[in-house]
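Peer 1: Below you will find the structure I want to go over with you.
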Amino acid sequence: MALAVKIENISKYYHLGVINNGALWKDLQSYFARRLGKQDPNIIIGNEGVYDRDGFWALTDVNLEIEQGDRVAIMGKNGAGKSTLLKILSRITAPTKGSFHIKGRIASLLEVGTGFHGELTGRENIYMNGAILGMKRREVTAKMDEIIAFSEIEGVHIDTPVKRYSTGMYVRLGFAIAAHLESEILISDEVLAVGDWNFQQKALGKMNDLSRNQGRTVIFVSHNLGAISALCNKGMILEHGKVIMESSPMEDASNRYMELIGMAKTPAA
């Protein structure tokens with residue numbers, strides 16, 4: 001199978017607290033550099049001095065290859081770096097070090113409301129997301145009824161500004177857009193946990209169908225081991241920003257994750 005995503009030595013560093021140079025001479029150095037139209041020497045990415053301040057590495061030397069049609073679960077405790085990795089793949093933030101290569105368009109479900117404009121209606125947001133993916137208006141129109149039916153947001157609600165939507169409505173519409181518009185890679189970060197049980201099952205079934213029958217690649221972050229086991233065929237575990245396990249079949253990664261969080265493995269029937 002062809003590679004859909006290739007991640008090479010990705011690292012991400014975040015500063016904590018108030019961001020300044022920590023010394024008067026560095027503040028003056030930055031000030032005069034800006035006045036003279038020169039590059040500020042204290043904000044250059046890759047300059048080792050940048051990491052002297054208090055901060056932390058959210059990711060450290062992450063490597064991963066995902067084949068087209070794979071359904072990959074990224075697991076780990078809170079703060080392990082899962083969401084940071086997905087934001088980098090979605091090009092919301094840039095890596096501090098390393099590189100990644102993606103073949104195809106990405107539809108992302110990272111946080112409730114991401115990718116929506118609150119003043120636009122649900123229908124207008126569907127068109128906007130289609131335009132972001134490079135689709136023509138007529139292509140989005142052809143899928144409009146299917147998206148609205150799947151989201152279960154019909155009648156006057158679909159023509160109401162989304163700032164008046166509930167959290168569940170946001171998630172249902174966001175997933176329906178991501179699943180039905182033309183993208184090769186679908187990224188989901190725990191947002192389905194907000195929806196009710198019936199919608200979660202429908203969404204998992206749709207992602208399975210997209211992967212098995214349409215060849216789409218799915219990258220899925222969740223703490224729900226049942227959902228992960230039902231959907232994914234490969235797993236990766238992050239701990240403190242580092243990959244500690246990458247496994248296919250999924251069962252091996254699930255067992256290791258349960259050990260990591262202190263859960264006993266379910267005995268075989």
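The values are calculated or read from the model by the stated rules, or taken from the named source; none is laboratory data. Values in this document were obtained by computation on a predicted structure and should not be read as measured data. All Cβ positions, even for glycine, are placed from backbone atoms using ideal geometry, and neighbour counts span all protein chains on display. Keep in mind that these areas ignore ligands, DNA and RNA; they rest on the heavy atoms of the full protein, side chains included. Shrake-Rupley method; radii C 1.70, N 1.55, O 1.52, S 1.80 Å.
Peer 1: Between residues in region 80-96 that are touching a residue at least 24 places away in the same chain (Cβ under 8 Å) and residues that are surrounded by fewer than 22 Cβ atoms within 10 Å (Cβ to Cβ) and of a type in the set (K, R), which pairs lie under 9 Å by C-beta distance while being six or more apart or on different chains?
Peer 2: Once the first residue is touching a residue at least 24 places away in the same chain (Cβ under 8 Å) and sits in region 80-96, its partners that are surrounded by fewer than 22 Cβ atoms within 10 Å (Cβ to Cβ) and of a type in the set (K, R) give A80/K242; G81/K242; T93/K87.
Peer 1: A227 versus (1) buried (at least 19 other Cβ atoms within 10 Å of the Cβ); (2) among the small types (G, A, S); (3) more than 30 Å from W57 (Cβ to Cβ): which is the lone unmet condition?
Peer 2: With respect to (1) buried (at least 19 other Cβ atoms within 10 Å of the Cβ); (2) among the small types (G, A, S); (3) more than 30 Å from W57 (Cβ to Cβ), A227 is out only on (3).
Peer 1: Given (1) surrounded by 19 or more Cβ atoms within 10 Å (Cβ to Cβ); (2) hydroxyl-bearing (S, T, Y); (3) more than 25 Å from M128 (Cβ to Cβ), where does S248 come up short, assuming only one miss?
Peer 2: That leaves (1) as the condition not met.
Peer 1: Looking at region 205-216 only, could you name the residues that are part of a helix (DSSP H, G or I), open to solvent by 20 Å² or more (accessible area, probe 1.4 Å) and not polar (S, T, N, Q)?
Peer 2: G205, K206, D209, R212, listed by residue number.
Peer 1: For G262, all conditions in the list (1) closer than 30 Å to E119 by Cβ; (2) surrounded by fewer than 20 Cβ atoms within 10 Å (Cβ to Cβ) hold save one; what is the number of the exception?
Peer 2: Looking at each condition in turn, G262 falls short on (1).
To keep it simple, each residue is scored yes or no on (1) hydroxyl-bearing (S, T, Y); (2) part of a helix (DSSP H, G or I).
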| site | (1), (2) |
| --- | --- |
| M135 | no, no |
| D145 | no, yes |
| I148 | no, yes |
| S188 | yes, no |
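This table checks each residue for (1) within 16 Å of N9 (Cα to Cα); (2) open to solvent by less than 20 Å² (accessible area, probe 1.4 Å); (3) among the hydrophobic types (A, V, I, L, M, F, W, C); (4) not in a loop (DSSP other than H, G, I, E, B).
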| residue | (1), (2), (3), (4) |
| --- | --- |
| E65 | yes, no, no, yes |
| G69 | no, yes, no, no |
| K77 | no, no, no, no |
| L85 | yes, yes, yes, yes |
| I92 | no, no, yes, no |
| P95 | yes, no, no, no |
